[in-house]
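Report on one structure; see the data block that follows.
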Amino acid sequence: MKHSAIQQYDYHAWANRRFFDHLASLPQEIYNQPVKSVFSTLQEVLVHIYQTDTMWLSVMSVDPFEKTMAVINEHKEKSAGSSLDELKALYEEAVESYTDFFDQVNDPDENISIHHPRNGRLETPVAELVRHVVNHGTYHRGNITAMLRQMGHTGIPTDYVFYLYDLKNPTN
């Protein structure tokens, strides 16, 4: 049985895929349509989720701070000006990287030591950082839903319970 934090990450990937698919079904121009919100475009918030996910994977991998900063810059360059399809492909690469990482983690509840120059050292389980990534994504998927509504479109349900239903009945 999967560790609960890893299942939560699977939910996060599922919910993000649902949004990518939903956005692909809407008029293409809304992807970069300016909106007065926390982010100025849907593309901007999706890029933010992608970049943050990849940054946290570097942190969980216990990369030195300088390497994590290089990862951030690399993924900023990769995703700059990306189309919805391009960003979805980048996101799928990130999901594969997380899957590979989880395959290497012996115990997600075991502490790792991370260091931030300003905030200092933190001893925390990988599982807690995974939960942070999932929570961050949930928050920003809410931003996307609000932005869609401002543009006259509906969002898509991505509640955890719908993920569980989808696991039980994948054809729904």
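The values are calculated or read from the model by the stated rules, or taken from the named source; none is laboratory data. Here the structure is a predicted model, which is why all the values come from computation and not from measurement. FYI the Cβ positions are ideal-geometry reconstructions off the backbone, even for glycines, and counts take in every protein chain you see. Side chains included, ligands, DNA and RNA excluded: accessible areas come from the protein's heavy atoms. Shrake-Rupley method; radii C 1.70, N 1.55, O 1.52, S 1.80 Å.
Against the condition farther than 21 Å from Ser61 by Cα, outside any strand (DSSP E or B) and not hydrophobic (A, V, I, L, M, F, W, C), how does Tyr98 come out, does it pass?
Numbers: farther than 21 Å from Ser61 by Cα: no; outside any strand (DSSP E or B): yes; not hydrophobic (A, V, I, L, M, F, W, C): yes.
For Tyr98, the condition - farther than 21 Å from Ser61 by Cα, outside any strand (DSSP E or B) and not hydrophobic (A, V, I, L, M, F, W, C) - is not met.
Under the condition of being of a type in the set (D, E, K, R) and assigned to a helix (DSSP H, G or I), which residue from segment 5-49 is least open to solvent (accessible area, probe 1.4 Å)? Outline the logic, then answer.
Let us first name the residues in segment 5-49 that are of a type in the set (D, E, K, R), namely 10, 17-18, 21, 29, 36, 44.
Add one more test, that the residue is assigned to a helix (DSSP H, G or I), and what stays is 10, 17-18, 21, 29, 44.
On the way: Asp10: 41, Arg17: 82, Arg18: 73, Asp21: 83, Glu29: 125, Glu44: 74 Å².
Checked segment 5-49; the qualifying residue least open to solvent (accessible area, probe 1.4 Å) is Asp10.
What is the number of the single condition among (1) closer than 19 Å to His22 by Cα; (2) free of Cβ contacts under 8 Å to residues at least 24 places away in the same chain; (3) surrounded by fewer than 16 Cβ atoms within 10 Å (Cβ to Cβ) that Ala70 does not meet?
(1)
Taking the condition part of a helix (DSSP H, G or I), modelled with pLDDT of 95 or more and β-branched (Val, Ile, Thr), does Thr138 pass? Quick ask: steps written out before the conclusion?
On the way: part of a helix (DSSP H, G or I): yes; modelled with pLDDT of 95 or more: yes; β-branched (Val, Ile, Thr): yes.
Considered against the rule, which asks whether it is part of a helix (DSSP H, G or I), modelled with pLDDT of 95 or more and β-branched (Val, Ile, Thr), Thr138 comes out as yes.
If you scan segment 42-63, which residues turn out to be without any contact (Cβ under 8 Å) to a residue 40 or more places away in the chain and over 16 Å from Val133 (Cα atoms)? Outline the logic, then answer.
First, the residues of segment 42-63 that are without any contact (Cβ under 8 Å) to a residue 40 or more places away in the chain: 44, 51, 55, 58, 63.
Within segment 42-63, Glu44, Asp63 meet the criteria.
Check segment 39-48 and report whether any residue there is touching a strand residue (DSSP E or B) at 6+ places or on another chain (Cβ under 9 Å) and over 29 Å from Lys2 (Cβ atoms). Quick ask: steps written out before the conclusion?
Filtering segment 39-48 for residues touching a strand residue (DSSP E or B) at 6+ places or on another chain (Cβ under 9 Å) gives none.
No, there is no match, as no residue in segment 39-48 is touching a strand residue (DSSP E or B) at 6+ places or on another chain (Cβ under 9 Å) and over 29 Å from Lys2 (Cβ atoms).
Here is a list of conditions, (1) open to solvent by 80 Å² or more (accessible area, probe 1.4 Å); (2) touching a residue at least 24 places away in the same chain (Cβ under 8 Å); (3) within 28 Å of Pro157 (Cβ to Cβ), and Lys2 meets all of them except one; can you say which number that is?
(2)
All but one of (1) open to solvent by 30 Å² or more (accessible area, probe 1.4 Å); (2) part of a helix (DSSP H, G or I) hold for Thr52, so report the exception by its number.
(1)
Filter segment 123-172 down to the residues that are in contact with a strand residue (DSSP E or B) (Cβ under 8 Å, 6 or more places away or on another chain) and exposed (fewer than 12 other Cβ atoms within 10 Å of the Cβ) and list them by number.
Within segment 123-172, just Glu123 meets the criteria.
Could you grab the pairs with beta carbons closer than 9 Å, sequence gap of 6+ or different chains, first residue in segment 78-106 and among the β-branched types (Val, Ile, Thr), second one outside any helix (DSSP H, G or I)?
Qualifying pairs under 9 Å: Val105/His3.
Table: residues versus (1) modelled with pLDDT of 95 or more; (2) more than 21 Å from Ala15 (Cα to Cα); (3) of a type in the set (Gly, Ala, Ser).
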{"position": "Ser82", "(1), (2), (3)": "yes, no, yes"}
{"position": "Leu90", "(1), (2), (3)": "yes, no, no"}
{"position": "Tyr98", "(1), (2), (3)": "yes, no, no"}
{"position": "Asn106", "(1), (2), (3)": "no, yes, no"}
{"position": "Thr124", "(1), (2), (3)": "yes, yes, no"}
{"position": "Arg131", "(1), (2), (3)": "yes, no, no"}
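Give the residues of segment 19-77 that are among the basic types (Lys, Arg) and farther than 24 Å from Gly120 by Cα, sorted by residue number. First the steps, then the outcome.
Of segment 19-77, the ones among the basic types (Lys, Arg) are 36, 67, 76.
Scanning segment 19-77 gives Lys36, Lys76.
Consider Pro157 against the criteria (1) touching a Pro at 6+ places or on another chain (Cβ under 7 Å); (2) of a type outside the set (Phe, Trp, Tyr); (3) assigned to a loop (DSSP other than H, G, I, E, B): it satisfies all of them except one. Which criterion is unmet?
Of (1) touching a Pro at 6+ places or on another chain (Cβ under 7 Å); (2) of a type outside the set (Phe, Trp, Tyr); (3) assigned to a loop (DSSP other than H, G, I, E, B), only one is false for Pro157: (1).
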